[in-house]
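Trainee: Before I ask anything, here is the structure I am working with.
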Amino acid sequence: MKMFAAVAALSVLPLVLIGSSQGADAANGKTLYQKGCAKCHGANGVGNPGLAKALGVAIRPLSDPEVQAKSDEQLAKESIEGVGKMKAVSGMTVEKEGADIVAYIRTLKK
């Protein structure tokens, strides 16, 4: 029984750490996005074609259904810690800025 309680507690820990995009501050997320993400992902989340070409990658629009289908936890982690050729955003952490960044990215849905 104690093992079950420990596993259950650990399974919700990531949700507690980043919170939910509901109740997060999308306006602050936009400010953070402009500082740490817009250079590559563009002001409106559609990507920077020149940079994508130079890096030899496709930058998927943040409004793309595959991006929007990601969990808040996964989207926060990838947005701040990086994924693939995308580097981590300096000076931001999933725990502090993750929920706000996700809340803003959710506003970019089609």
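Nothing in this text is a laboratory measurement; each read-out follows from the coordinates by a stated rule. For clarity, every value in this text was computed on a predicted model and none was experimentally measured. Methodologically, a virtual Cβ is constructed for each residue, glycine included, from the backbone with ideal geometry; neighbour enumeration extends over all protein chains shown.
Trainee: Once you list every other residue whose beta carbon is under 14 Å from the beta carbon of residue 24, what net charge do they have if Lys and Arg are +1 and Asp and Glu are -1? Walk me through the numbers on the way to the answer.
Mentor: Numbers: positive: 30, 96, 106; negative: 25, 72, 73, 95, 97, 100.
Within the 14 Å Cβ shell, the charges total -3.
Trainee: Now for a separate question. Taking the Cβ of residue 41 as the centre, find all other residues whose Cβ is under 14 Å away and add up their charges (Lys, Arg: +1; Asp, Glu: -1). Walk me through the intermediate numbers first.
Mentor: Values: positive: 30, 35, 39, 60, 85, 87; negative: 64, 78.
Value of the local net charge: +4.
Trainee: Still on this structure: Please give the net charge around residue 98, taking every other residue with its beta carbon less than 9 angstrom from that of residue 98, where Lys and Arg add +1 and Asp and Glu add -1.
Mentor: So the environment of residue 98 carries a net charge of -3.
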